[in-house]
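Beneath this line is the structure, given in structure tokens, with notes to follow.
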Amino acid sequence: MGIYGGMTNLATRYNISRTFLYQLMGAALIYLSEMFTVESHQVPSNQMDIEAFILLLRLEGKCSISSISEILTALDYPSTSTGMISQHISQYGKQLPSTLSSPEEHQVIYLSDEIFALGCPILITIEPKSTAILKIELAPVRSSESWKNHSSGTSTQSICSESISK
């Protein structure tokens, strides 16, 4: 901590993501503070605001609502019900503008990849931030032409019938 590029160097050296490294560091700090706390288990006065902490766990930690509730309970936050957490997240979501009905142009960034089922490629295009699947289709072959058809919206004609019949 406090060394510029230190987290990146550790992540590169051990071939792990920086997000995972920050999660490990956060867990270690929680465990160390629990181990070396004297007798008091009261909530510290400098404890993070519960709303900001809920958003941090949901957006950065990618925690489920029930996991957030368990974490808040373990950290002795006063309100830890799943209903309260869901309500906070919903309120923040309602405040965000809708990019679908906006008159402004938006840049769309997407990621494409392929997986295989029974030897046939399945072409997938996702929005990387939300991981929403934008398009998914079974392709006849793994070729640049299949990708061109996938990205242009043209559907493929023959769909690996010999591989599926096996």
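The values are calculated or read from the model by the stated rules, or taken from the named source; none is laboratory data. Since this is a predicted model, take the numbers as computed values, not measurements. Glycine gets a Cβ as well: all are built from the backbone with ideal geometry, and neighbour counts include every protein chain shown.
For this structure, a couple of remarks:
- Condition met for Leu72 (surrounded by 10 or more Cβ atoms within 10 Å (Cβ to Cβ) and either on the phi > 0 side of the Ramachandran plot or at pLDDT 85 or above (or both)): yes
- Breaking point among (1) more than 20 Å from the chain's Cα centre (by Cα); (2) at pLDDT 85 or above; (3) surrounded by 13 or more Cβ atoms within 10 Å (Cβ to Cβ), for Ser81: (3)
- Among all residues of the stretch 99-109, there is none that is assigned to a loop (DSSP other than H, G, I, E, B), modelled with pLDDT of 85 or more and outside the structural domain of Arg142 (by TED's automatic domain parsing).
- Inter-residue pairs, beta-carbon under 7 Å, first of a type in the set (S, T, N, Q) and in the stretch 121-144, second assigned to a loop (DSSP other than H, G, I, E, B), 6+ apart: Thr125/Tyr110
- Within the stretch 10-23, residues that are more than 19 Å from Cys63 (Cα to Cα) sit with their Cβ atoms under 8 Å from residues that are at pLDDT 85 or above and hydroxyl-bearing (Ser, Thr, Tyr), at 6+ positions apart or across chains, in these pairs: Ala11/Ser17.
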